[in-house]
Amino acid sequence: MAAASMAMRLAGRGSRALLLSGHELRRPLVTLRLPPPLAACGTLAGRGSRGAVGSATAQSARAGTGPLEELPENLRKIMDDYERKMDKDEDSQGFVQRLFLGKHAAVAGIFFASTIMYLMNAIDDVTSELHHCTSLLLRILGPEAAQRFLLRAAAWGCLPSDYDKDDPYLIIEPQEGLRFFTPVGLASGFDVGAVGPNAFLNLGFGFVEVGPVEAADAEALGGVRQRLAARDRTDQVVHLGLVGACIRGSTSAELLGATEVLGAYVDYITLDLGPLPKAARVESALGRLVLDVVSAANSVPGGGPAVFLKVPAGYPARAARDTERVEAAGSAAAAALFGGAAGIILAHGEDEELADSGAAAELLSEVYRRTDGRLTLIASGGVRTGREALGLIEAGATVIQISHLLVSEGPQVCRRLKSEMSQALMERNYVSLQDAVGAAHRKKKVKRRNPWKAIGA
(Lines give C-alpha, C1' and ligand atoms only; values in the text may rest on other atoms or scores of the structure.)
Protein backbone atom coordinates (compact mmCIF):
# COMPACT_ATOMS: atom_id res chain seq x y z
CA MET A 1 0.00 0.00 0.00
CA ALA A 2 2.96 2.31 0.50
CA ALA A 3 3.70 2.15 -3.23
CA ALA A 4 0.12 3.02 -4.08
CA SER A 5 0.19 5.99 -1.70
CA MET A 6 3.43 7.21 -3.28
CA ALA A 7 1.88 7.01 -6.75
CA MET A 8 -1.08 9.02 -5.63
CA ARG A 9 1.16 11.67 -4.04
CA LEU A 10 3.28 11.90 -7.16
CA ALA A 11 0.20 12.50 -9.27
CA GLY A 12 -1.17 15.10 -6.86
CA ARG A 13 2.05 17.13 -6.71
CA GLY A 14 2.20 17.79 -10.44
CA SER A 15 0.84 20.88 -12.19
CA ARG A 16 -1.86 18.66 -13.70
CA ALA A 17 -3.13 15.80 -11.59
CA LEU A 18 -2.92 12.18 -12.75
CA LEU A 19 -5.38 10.15 -10.71
CA LEU A 20 -4.81 6.42 -10.47
CA SER A 21 -7.14 3.89 -8.92
CA GLY A 22 -7.19 0.19 -8.32
CA HIS A 23 -9.91 -0.28 -10.90
CA GLU A 24 -7.69 1.20 -13.60
CA LEU A 25 -4.62 -0.90 -12.78
CA ARG A 26 -6.35 -4.31 -12.97
CA ARG A 27 -3.87 -5.80 -10.48
CA PRO A 28 -3.16 -5.40 -6.79
CA LEU A 29 -1.37 -2.11 -6.10
CA VAL A 30 0.55 -3.77 -3.27
CA THR A 31 2.66 -5.60 -5.84
CA LEU A 32 3.53 -2.35 -7.72
CA ARG A 33 7.11 -1.26 -7.15
CA LEU A 34 8.12 2.23 -8.27
CA PRO A 35 11.78 2.41 -9.29
CA PRO A 36 13.98 5.47 -8.49
CA PRO A 37 13.62 7.07 -11.96
CA LEU A 38 9.85 7.27 -11.50
CA ALA A 39 10.28 8.82 -8.06
CA ALA A 40 12.54 11.46 -9.64
CA CYS A 41 9.82 12.23 -12.16
CA GLY A 42 7.41 12.76 -9.31
CA THR A 43 9.82 15.21 -7.69
CA LEU A 44 9.97 17.21 -10.92
CA ALA A 45 6.21 17.25 -11.08
CA GLY A 46 6.07 18.59 -7.56
CA ARG A 47 8.28 21.51 -8.67
CA GLY A 48 5.80 22.57 -11.34
CA SER A 49 7.22 20.76 -14.38
CA ARG A 50 4.26 19.99 -16.63
CA GLY A 51 3.28 16.33 -16.75
CA ALA A 52 6.50 14.93 -15.32
CA VAL A 53 4.80 11.66 -14.46
CA GLY A 54 3.14 11.53 -17.85
CA SER A 55 5.96 12.91 -20.01
CA ALA A 56 9.11 11.20 -18.76
CA THR A 57 7.51 7.82 -18.03
CA ALA A 58 5.52 7.67 -21.26
CA GLN A 59 8.61 8.49 -23.36
CA SER A 60 10.61 5.77 -21.62
CA ALA A 61 7.76 3.31 -22.04
CA ARG A 62 7.45 4.06 -25.74
CA ALA A 63 11.20 3.63 -26.15
CA GLY A 64 10.93 0.15 -24.61
CA THR A 65 13.93 0.76 -22.36
CA GLY A 66 14.51 1.53 -18.71
CA PRO A 67 12.86 0.31 -15.61
CA LEU A 68 9.37 1.38 -16.87
CA GLU A 69 9.18 -2.00 -18.62
CA GLU A 70 8.32 -3.38 -15.19
CA LEU A 71 5.14 -1.17 -15.09
CA PRO A 72 1.88 -2.84 -15.93
CA GLU A 73 0.66 -2.46 -19.48
CA ASN A 74 -2.56 -0.72 -18.46
CA LEU A 75 -0.55 1.87 -16.46
CA ARG A 76 1.62 2.64 -19.49
CA LYS A 77 -1.55 3.06 -21.55
CA ILE A 78 -2.98 5.52 -19.03
CA MET A 79 0.24 7.53 -19.11
CA ASP A 80 0.26 7.63 -22.91
CA ASP A 81 -3.36 8.79 -23.02
CA TYR A 82 -2.57 11.45 -20.44
CA GLU A 83 0.38 12.74 -22.47
CA ARG A 84 -1.66 12.94 -25.66
CA LYS A 85 -4.42 14.81 -23.85
CA MET A 86 -1.95 17.35 -22.41
CA ASP A 87 -0.38 17.92 -25.83
CA LYS A 88 -3.80 18.48 -27.33
CA ASP A 89 -4.74 20.97 -24.59
CA GLU A 90 -1.52 22.93 -25.16
CA ASP A 91 -2.14 23.11 -28.90
CA SER A 92 -5.66 24.46 -28.32
CA GLN A 93 -4.44 27.34 -26.10
CA GLY A 94 -4.04 30.78 -27.64
CA PHE A 95 -1.02 33.07 -27.32
CA VAL A 96 -2.51 35.21 -24.56
CA GLN A 97 -3.58 32.19 -22.55
CA ARG A 98 -0.13 30.59 -22.81
CA LEU A 99 1.44 33.95 -21.91
CA PHE A 100 -0.55 34.40 -18.72
CA LEU A 101 -0.18 30.73 -17.70
CA GLY A 102 3.54 30.57 -18.39
CA LYS A 103 6.54 31.56 -16.34
CA HIS A 104 6.42 35.15 -17.68
CA ALA A 105 2.87 35.73 -16.44
CA ALA A 106 3.90 38.26 -13.77
CA VAL A 107 5.88 40.41 -16.24
CA ALA A 108 3.03 40.31 -18.77
CA GLY A 109 0.52 41.31 -16.09
CA ILE A 110 2.59 44.30 -15.00
CA PHE A 111 3.02 45.42 -18.61
CA PHE A 112 -0.69 45.23 -19.44
CA ALA A 113 -1.71 46.93 -16.18
CA SER A 114 0.75 49.80 -16.81
CA THR A 115 -0.53 50.20 -20.37
CA ILE A 116 -4.14 50.40 -19.23
CA MET A 117 -3.27 52.99 -16.55
CA TYR A 118 -1.38 55.11 -19.09
CA LEU A 119 -4.27 55.03 -21.56
CA MET A 120 -6.77 56.00 -18.87
CA ASN A 121 -4.65 58.97 -17.79
CA ALA A 122 -3.99 60.02 -21.39
CA ILE A 123 -7.68 59.90 -22.29
CA ASP A 124 -8.58 61.98 -19.22
CA ASP A 125 -5.96 64.70 -19.92
CA VAL A 126 -6.93 67.12 -22.69
CA THR A 127 -3.28 68.05 -23.35
CA SER A 128 -2.34 64.45 -24.17
CA GLU A 129 -1.05 63.77 -27.66
CA LEU A 130 -3.61 60.98 -27.84
CA HIS A 131 -6.35 63.55 -28.48
CA HIS A 132 -4.87 64.39 -31.86
CA CYS A 133 -6.49 61.10 -32.84
CA THR A 134 -9.77 62.37 -31.36
CA SER A 135 -9.57 65.44 -33.59
CA LEU A 136 -9.00 63.25 -36.63
CA LEU A 137 -11.98 61.08 -35.66
CA LEU A 138 -14.25 64.13 -35.33
CA ARG A 139 -13.25 65.40 -38.77
CA ILE A 140 -14.01 61.99 -40.24
CA LEU A 141 -17.43 61.88 -38.59
CA GLY A 142 -18.52 65.27 -39.91
CA PRO A 143 -20.00 68.24 -38.00
CA GLU A 144 -23.37 66.79 -36.99
CA ALA A 145 -22.13 63.33 -36.01
CA ALA A 146 -19.12 64.86 -34.21
CA GLN A 147 -21.41 67.14 -32.18
CA ARG A 148 -23.58 64.16 -31.19
CA PHE A 149 -20.44 62.24 -30.22
CA LEU A 150 -19.17 65.06 -27.98
CA LEU A 151 -22.58 65.57 -26.37
CA ARG A 152 -22.89 61.85 -25.62
CA ALA A 153 -19.40 61.84 -24.11
CA ALA A 154 -20.28 64.91 -22.03
CA ALA A 155 -23.50 63.33 -20.77
CA TRP A 156 -21.57 60.21 -19.69
CA GLY A 157 -18.78 62.28 -18.13
CA CYS A 158 -16.21 60.88 -20.56
CA LEU A 159 -14.77 64.14 -21.90
CA PRO A 160 -11.16 64.86 -20.88
CA SER A 161 -10.27 67.53 -18.33
CA ASP A 162 -7.89 70.47 -18.54
CA TYR A 163 -5.47 69.96 -15.64
CA ASP A 164 -3.10 72.75 -16.68
CA LYS A 165 -3.26 75.80 -14.44
CA ASP A 166 -4.75 78.81 -16.20
CA ASP A 167 -2.76 82.03 -16.10
CA PRO A 168 -4.09 84.36 -13.37
CA TYR A 169 -4.10 87.41 -15.63
CA LEU A 170 -6.78 85.79 -17.81
CA ILE A 171 -9.34 86.19 -15.00
CA ILE A 172 -11.65 89.12 -15.59
CA GLU A 173 -14.60 90.52 -13.60
CA PRO A 174 -16.29 93.24 -15.65
CA GLN A 175 -19.14 93.57 -13.14
CA GLU A 176 -19.60 92.61 -9.53
CA GLY A 177 -20.67 88.98 -9.28
CA LEU A 178 -19.85 88.27 -12.94
CA ARG A 179 -16.38 86.74 -12.91
CA PHE A 180 -14.95 84.87 -15.90
CA PHE A 181 -12.08 82.64 -14.82
CA THR A 182 -11.05 82.14 -18.43
CA PRO A 183 -12.06 84.31 -21.42
CA VAL A 184 -13.09 81.40 -23.66
CA GLY A 185 -16.69 80.14 -23.45
CA LEU A 186 -18.96 77.68 -25.24
CA ALA A 187 -21.71 79.42 -27.21
CA SER A 188 -25.37 78.45 -27.22
CA GLY A 189 -26.46 76.10 -29.96
CA PHE A 190 -24.03 73.35 -29.00
CA ASP A 191 -25.38 71.93 -25.73
CA VAL A 192 -29.00 72.78 -26.43
CA GLY A 193 -30.49 70.41 -23.86
CA ALA A 194 -27.97 71.09 -21.04
CA VAL A 195 -26.81 67.46 -21.06
CA GLY A 196 -23.23 68.14 -19.94
CA PRO A 197 -22.33 71.69 -18.85
CA ASN A 198 -20.06 70.33 -16.09
CA ALA A 199 -18.08 68.28 -18.59
CA PHE A 200 -17.48 71.33 -20.80
CA LEU A 201 -16.39 73.40 -17.80
CA ASN A 202 -13.90 70.65 -16.92
CA LEU A 203 -12.73 70.77 -20.52
CA GLY A 204 -11.39 74.25 -19.80
CA PHE A 205 -14.19 76.65 -20.78
CA GLY A 206 -14.70 79.59 -18.47
CA PHE A 207 -18.44 79.73 -19.11
CA VAL A 208 -20.98 77.52 -20.88
CA GLU A 209 -24.24 78.73 -22.39
CA VAL A 210 -26.92 76.09 -22.91
CA GLY A 211 -29.88 76.40 -25.24
CA PRO A 212 -31.41 78.11 -27.06
CA VAL A 213 -34.59 76.92 -25.34
CA GLU A 214 -37.98 77.82 -26.75
CA ALA A 215 -39.83 79.62 -23.98
CA ALA A 216 -43.19 78.39 -25.31
CA ASP A 217 -42.11 74.73 -25.15
CA ALA A 218 -42.94 73.75 -21.58
CA GLU A 219 -41.56 70.23 -21.98
CA ALA A 220 -38.16 71.38 -23.28
CA LEU A 221 -38.01 74.10 -20.66
CA GLY A 222 -38.79 71.62 -17.89
CA GLY A 223 -36.17 69.17 -19.14
CA VAL A 224 -33.44 71.82 -19.19
CA ARG A 225 -34.47 72.98 -15.71
CA GLN A 226 -34.33 69.43 -14.37
CA ARG A 227 -30.88 68.74 -15.79
CA LEU A 228 -29.51 72.06 -14.56
CA ALA A 229 -30.89 71.40 -11.09
CA ALA A 230 -29.30 67.95 -10.98
CA ARG A 231 -25.92 68.85 -12.43
CA ASP A 232 -24.25 69.10 -9.00
CA ARG A 233 -25.77 66.31 -6.94
CA THR A 234 -22.78 66.17 -4.58
CA ASP A 235 -23.00 69.87 -3.61
CA GLN A 236 -19.38 70.28 -4.70
CA VAL A 237 -17.84 72.78 -7.11
CA VAL A 238 -17.02 70.83 -10.25
CA HIS A 239 -15.08 73.60 -11.91
CA LEU A 240 -14.80 77.35 -11.50
CA GLY A 241 -17.03 78.67 -14.26
CA LEU A 242 -20.36 80.24 -15.16
CA VAL A 243 -23.41 78.57 -16.68
CA GLY A 244 -25.92 80.56 -18.70
CA ALA A 245 -29.10 79.76 -20.59
CA CYS A 246 -30.29 81.26 -23.86
CA ILE A 247 -34.07 81.58 -24.22
CA ARG A 248 -36.13 82.38 -27.30
CA GLY A 249 -39.65 83.78 -27.39
CA SER A 250 -41.87 86.15 -29.29
CA THR A 251 -43.81 87.65 -26.40
CA SER A 252 -42.94 89.25 -23.10
CA ALA A 253 -44.98 86.69 -21.15
CA GLU A 254 -43.05 83.77 -22.62
CA LEU A 255 -39.68 85.31 -21.83
CA LEU A 256 -40.70 86.28 -18.30
CA GLY A 257 -41.98 82.76 -17.63
CA ALA A 258 -38.77 81.14 -18.90
CA THR A 259 -36.69 83.51 -16.77
CA GLU A 260 -38.61 82.49 -13.65
CA VAL A 261 -38.23 78.77 -14.46
CA LEU A 262 -34.48 78.79 -15.19
CA GLY A 263 -33.29 81.80 -13.20
CA ALA A 264 -32.45 79.92 -10.01
CA TYR A 265 -30.15 77.45 -11.78
CA VAL A 266 -27.97 79.66 -13.99
CA ASP A 267 -25.58 82.57 -13.58
CA TYR A 268 -26.97 84.57 -16.50
CA ILE A 269 -29.94 84.60 -18.87
CA THR A 270 -29.56 85.47 -22.56
CA LEU A 271 -32.49 86.86 -24.55
CA ASP A 272 -32.21 85.94 -28.22
CA LEU A 273 -33.54 88.91 -30.20
CA GLY A 274 -34.00 86.90 -33.40
CA PRO A 275 -37.59 85.62 -32.83
CA LEU A 276 -38.92 88.96 -31.57
CA PRO A 277 -41.44 90.65 -33.89
CA LYS A 278 -40.43 93.89 -35.59
CA ALA A 279 -42.56 95.99 -33.26
CA ALA A 280 -40.74 94.60 -30.21
CA ARG A 281 -37.34 95.45 -31.70
CA VAL A 282 -37.94 99.19 -31.53
CA GLU A 283 -35.58 100.70 -28.98
CA SER A 284 -38.30 101.91 -26.62
CA ALA A 285 -40.29 98.66 -26.71
CA LEU A 286 -37.15 96.57 -26.37
CA GLY A 287 -36.02 98.69 -23.43
CA ARG A 288 -39.28 98.02 -21.59
CA LEU A 289 -39.00 94.29 -22.30
CA VAL A 290 -35.44 94.20 -20.96
CA LEU A 291 -36.53 96.10 -17.87
CA ASP A 292 -39.29 93.55 -17.17
CA VAL A 293 -36.94 90.58 -17.65
CA VAL A 294 -34.28 92.15 -15.40
CA SER A 295 -36.93 92.73 -12.72
CA ALA A 296 -38.04 89.10 -12.98
CA ALA A 297 -34.44 87.92 -12.73
CA ASN A 298 -33.77 90.10 -9.68
CA SER A 299 -36.79 88.59 -7.92
CA VAL A 300 -35.20 85.13 -8.03
CA PRO A 301 -33.93 84.08 -4.57
CA GLY A 302 -30.22 84.62 -4.15
CA GLY A 303 -29.96 87.75 -6.25
CA GLY A 304 -30.91 86.19 -9.56
CA PRO A 305 -28.95 85.85 -12.80
CA ALA A 306 -27.51 88.62 -14.93
CA VAL A 307 -29.30 89.38 -18.20
CA PHE A 308 -27.67 89.58 -21.64
CA LEU A 309 -29.14 90.40 -25.04
CA LYS A 310 -28.00 88.33 -28.00
CA VAL A 311 -27.77 89.96 -31.40
CA PRO A 312 -27.71 87.01 -33.82
CA ALA A 313 -25.70 86.95 -37.03
CA GLY A 314 -28.81 87.52 -39.17
CA TYR A 315 -30.11 90.47 -37.15
CA PRO A 316 -32.12 92.51 -38.10
CA ALA A 317 -32.32 90.57 -41.41
CA ARG A 318 -30.05 88.13 -43.19
CA ALA A 319 -29.69 90.44 -46.17
CA ALA A 320 -29.02 93.48 -44.00
CA ARG A 321 -26.10 95.74 -44.89
CA ASP A 322 -23.29 96.42 -42.44
CA THR A 323 -24.66 99.85 -41.59
CA GLU A 324 -28.10 98.40 -40.82
CA ARG A 325 -26.54 95.74 -38.62
CA VAL A 326 -24.53 98.36 -36.74
CA GLU A 327 -27.65 100.49 -36.16
CA ALA A 328 -29.62 97.46 -34.95
CA ALA A 329 -26.84 96.46 -32.57
CA GLY A 330 -26.55 100.02 -31.31
CA SER A 331 -30.30 100.15 -30.67
CA ALA A 332 -30.12 96.87 -28.74
CA ALA A 333 -27.22 98.22 -26.68
CA ALA A 334 -29.19 101.34 -25.80
CA ALA A 335 -32.15 99.19 -24.73
CA ALA A 336 -29.80 97.07 -22.62
CA LEU A 337 -28.50 100.16 -20.83
CA PHE A 338 -32.04 101.44 -20.26
CA GLY A 339 -33.30 98.13 -18.88
CA GLY A 340 -30.28 97.40 -16.69
CA ALA A 341 -28.93 94.41 -18.63
CA ALA A 342 -25.38 93.28 -17.98
CA GLY A 343 -24.25 93.17 -21.58
CA ILE A 344 -24.62 92.20 -25.24
CA ILE A 345 -23.60 89.03 -27.09
CA LEU A 346 -22.68 89.84 -30.69
CA ALA A 347 -22.78 86.73 -32.88
CA HIS A 348 -20.73 86.69 -36.05
CA GLY A 349 -21.86 83.47 -37.71
CA GLU A 350 -22.25 79.86 -36.62
CA ASP A 351 -19.06 78.75 -38.38
CA GLU A 352 -15.98 80.42 -36.87
CA GLU A 353 -13.85 79.20 -39.77
CA LEU A 354 -15.96 81.19 -42.25
CA ALA A 355 -16.73 84.24 -40.10
CA ASP A 356 -14.83 87.45 -40.81
CA SER A 357 -12.92 88.56 -37.72
CA GLY A 358 -12.42 92.00 -39.29
CA ALA A 359 -16.16 92.61 -39.61
CA ALA A 360 -16.65 91.33 -36.07
CA ALA A 361 -14.05 93.76 -34.75
CA GLU A 362 -15.73 96.70 -36.53
CA LEU A 363 -19.13 95.86 -35.05
CA LEU A 364 -17.66 95.46 -31.57
CA SER A 365 -15.80 98.76 -31.87
CA GLU A 366 -18.96 100.64 -32.83
CA VAL A 367 -21.04 99.17 -29.99
CA TYR A 368 -18.22 99.80 -27.51
CA ARG A 369 -18.01 103.46 -28.57
CA ARG A 370 -21.77 103.96 -28.35
CA THR A 371 -21.98 102.48 -24.85
CA ASP A 372 -18.68 104.00 -23.67
CA GLY A 373 -17.62 100.57 -22.38
CA ARG A 374 -20.46 100.36 -19.82
CA LEU A 375 -21.71 96.98 -21.10
CA THR A 376 -20.00 93.60 -21.05
CA LEU A 377 -19.58 92.63 -24.69
CA ILE A 378 -19.18 88.98 -25.67
CA ALA A 379 -17.90 88.15 -29.16
CA SER A 380 -19.47 84.91 -30.38
CA GLY A 381 -17.73 83.54 -33.45
CA GLY A 382 -15.19 85.15 -35.74
CA VAL A 383 -12.29 83.56 -33.83
CA ARG A 384 -9.78 80.99 -35.05
CA THR A 385 -6.65 81.80 -33.06
CA GLY A 386 -5.77 83.34 -29.72
CA ARG A 387 -4.35 86.42 -31.43
CA GLU A 388 -7.64 87.03 -33.25
CA ALA A 389 -9.43 86.66 -29.91
CA LEU A 390 -7.16 89.27 -28.34
CA GLY A 391 -7.85 91.56 -31.33
CA LEU A 392 -11.59 91.35 -30.63
CA ILE A 393 -10.96 92.08 -26.96
CA GLU A 394 -8.91 95.15 -27.88
CA ALA A 395 -11.85 96.24 -30.06
CA GLY A 396 -14.17 96.15 -27.04
CA ALA A 397 -15.12 92.55 -26.23
CA THR A 398 -14.67 91.27 -22.70
CA VAL A 399 -14.64 87.54 -23.48
CA ILE A 400 -15.27 85.32 -26.51
CA GLN A 401 -17.39 82.29 -27.37
CA ILE A 402 -16.79 79.41 -29.77
CA SER A 403 -18.77 76.36 -30.85
CA HIS A 404 -17.84 75.10 -34.32
CA LEU A 405 -14.11 75.02 -33.51
CA LEU A 406 -14.83 72.43 -30.83
CA VAL A 407 -16.32 70.16 -33.50
CA SER A 408 -13.65 70.73 -36.15
CA GLU A 409 -10.58 70.74 -33.91
CA GLY A 410 -11.59 68.64 -30.94
CA PRO A 411 -11.22 68.92 -27.15
CA GLN A 412 -7.80 70.61 -27.30
CA VAL A 413 -9.07 73.83 -28.93
CA CYS A 414 -9.94 75.60 -25.66
CA ARG A 415 -6.50 75.01 -24.16
CA ARG A 416 -4.85 76.14 -27.42
CA LEU A 417 -6.79 79.41 -27.51
CA LYS A 418 -6.02 80.19 -23.86
CA SER A 419 -2.31 79.49 -24.33
CA GLU A 420 -2.15 81.66 -27.45
CA MET A 421 -3.98 84.49 -25.72
CA SER A 422 -1.57 84.34 -22.77
CA GLN A 423 1.38 84.53 -25.12
CA ALA A 424 -0.14 87.43 -27.06
CA LEU A 425 -0.84 89.35 -23.84
CA MET A 426 2.80 89.04 -22.82
CA GLU A 427 4.06 90.09 -26.23
CA ARG A 428 1.87 93.22 -26.23
CA ASN A 429 2.89 94.14 -22.68
CA TYR A 430 -0.53 93.82 -21.07
CA VAL A 431 -0.40 93.12 -17.35
CA SER A 432 -3.88 91.58 -17.33
CA LEU A 433 -6.76 90.87 -19.67
CA GLN A 434 -8.67 93.80 -18.23
CA ASP A 435 -5.99 96.16 -19.57
CA ALA A 436 -6.60 94.85 -23.08
CA VAL A 437 -10.38 95.41 -23.13
CA GLY A 438 -11.09 98.35 -25.43
CA ALA A 439 -7.39 99.19 -25.78
CA ALA A 440 -7.91 100.13 -29.43
CA HIS A 441 -10.08 103.08 -28.34
CA ARG A 442 -7.59 104.53 -25.89
CA LYS A 443 -4.65 106.74 -26.68
CA LYS A 444 -1.46 104.79 -26.90
CA LYS A 445 0.86 105.29 -23.99
CA VAL A 446 4.51 104.55 -23.53
CA LYS A 447 4.79 100.82 -23.09
CA ARG A 448 5.63 99.76 -19.60
CA ARG A 449 7.60 96.71 -18.68
CA ASN A 450 5.37 93.65 -18.30
CA PRO A 451 6.14 91.86 -14.98
CA TRP A 452 4.61 88.63 -16.31
CA LYS A 453 7.21 88.49 -19.05
CA ALA A 454 9.98 88.52 -16.47
CA ILE A 455 8.29 85.69 -14.60
CA GLY A 456 7.87 83.69 -17.81
CA ALA A 457 11.54 84.16 -18.64
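The values are calculated or read from the model by the stated rules, or taken from the named source; none is laboratory data. Since the structure is predicted, the reported quantities are computational estimates derived from the model, not experimental observations. Note that each Cβ is placed from the backbone with ideal geometry, even for glycine, and that neighbours are counted across all protein chains shown. Surface accessibility is based on the protein's heavy atoms, side chains included, excluding ligands, DNA and RNA. Shrake-Rupley method; radii C 1.70, N 1.55, O 1.52, S 1.80 Å.
Calculate the FRET efficiency for residue 218 and residue 299 from the Cβ-Cβ distance with a Förster distance of 22 Å, rounded to the nearest 0.05. Efficiency, rounded to the nearest 0.05: 0.60. Here the convex hull built on the C-alpha positions of segment 260-416 has a volume of 120 cubic angstrom per residue. Think of segment 248-378 as having a plus end and a minus end, set by charges on the Cβ of Lys, Arg, Asp and Glu; of 334, 367, 377, 334 sits farthest toward the positive end of this dipole.
Between residue 385 and residue 133, residue separation times 0.36 nm minus the direct Cα-Cα distance comes to 88.6 nm.
The length gained on full extension between residue 253 and residue 173, counted as 0.36 nm times the residue separation minus their Cα-Cα distance, comes to 25.6 nm. Note that segment 136-273 presents 45 Å² accessible area per residue, ligands and nucleic acids not counted, probe 1.4 Å. Spin-label model, residue 226 to residue 435: label points 7 Å out along the Cα-to-beta-carbon direction sit 5.0 nm apart. Could you work out, for segment 115-200, what percent of all Cα-Cα pairs fall into each 5 Å distance bin, beginning at 0 Å and stopping at the bin that holds the largest distance? The calculated distribution, bin by bin, is 3, 12, 16, 21, 21, 14, 9, 4, 1, 0.
Peptide packing for 249-262, 99-112 was compared via the average number of neighbouring C-beta atoms within 10 Å per residue; ordered from the highest value, the list is 249-262, 99-112. Between residue 91 and residue 110, full extension at 0.36 nm per residue minus the direct alpha carbon distance yields a gain of 4.3 nm. For segment 162-208, the calculated P(r), taken from all Cα-Cα distances in 5 Å bins from zero up to the bin holding the longest distance, is 5, 20, 27, 23, 16, 9, 1 percent.
Based on alpha-carbon atoms, the Kirkwood radius and the radius of gyration of segment 217-350 give Rg/Rh equal to 0.99.
Using the Cβ-Cβ distance between residue 99 and residue 144 with R0 set to 51 Å, the FRET efficiency works out to roughly 0.75.
For segment 373-447, a crude dipole built from +1 on the beta carbon of Lys and Arg and -1 on the beta carbon of Asp and Glu, taken about the Cα centre, is about 340 debye to the nearest 20.
Approximating the spin labels as points 7 Å out from Cα along Cα→Cβ, the residue 323-to-residue 120 distance works out to 6.5 nm. Over all other residues within a Cβ to Cβ distance under 13 Å of residue 118, the charged ones net out to -3, with Lys and Arg as +1 and Asp and Glu as -1.
Ranking 369, 442 by solvent-accessible area of protein heavy atoms (1.4 Å probe, all protein chains present), from largest to smallest, gives 369, 442.
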